[in-house]
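Trainee: For reference, the structure I am asking about is given below.
Laboratory data are not the source of any read-out in this text; all were calculated from the coordinates shown. Keep in mind it's a predicted model, so treat the numbers as computed, not measured. Glycine gets a Cβ as well: all are built from the backbone with ideal geometry, and neighbour counts include every protein chain shown.
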Amino acid sequence: MNKTALRVVMMQNRETYEDLAGVLGIAVPTLSDKINEKTSRGFTQPEIAAIKDHYHLSAEQVDLIFFGSEVS
């Protein structure tokens, strides 16, 4: 997962973890764990779809965020 790309999208939309957690119906710590890959359970397909719809992401952006690797 490319957490930087997701954070950029969130910042561009002036949203916080609290905002996105509310969209997904999950707790902020759970969202943080998913973004930081601190759990073996990443984002589910319905969560990815909700993020895609919420931020009006293209398929390429979804691939970059959720299926690409972050470059350090």
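Trainee: Between Val28 and Ala50, what is the label-point separation in nm under the 7 Å Cα-to-beta-carbon projection?
Mentor: Calculated label separation equals 1.7 nm.
Trainee: Taking the chain as a Gaussian network, where each spring joins two C-alpha atoms under 10 Å apart, which residue of Ser40, Ser32, Ser58 fluctuates the most?
Mentor: Of the options given, Ser40 has the highest mean-square fluctuation.
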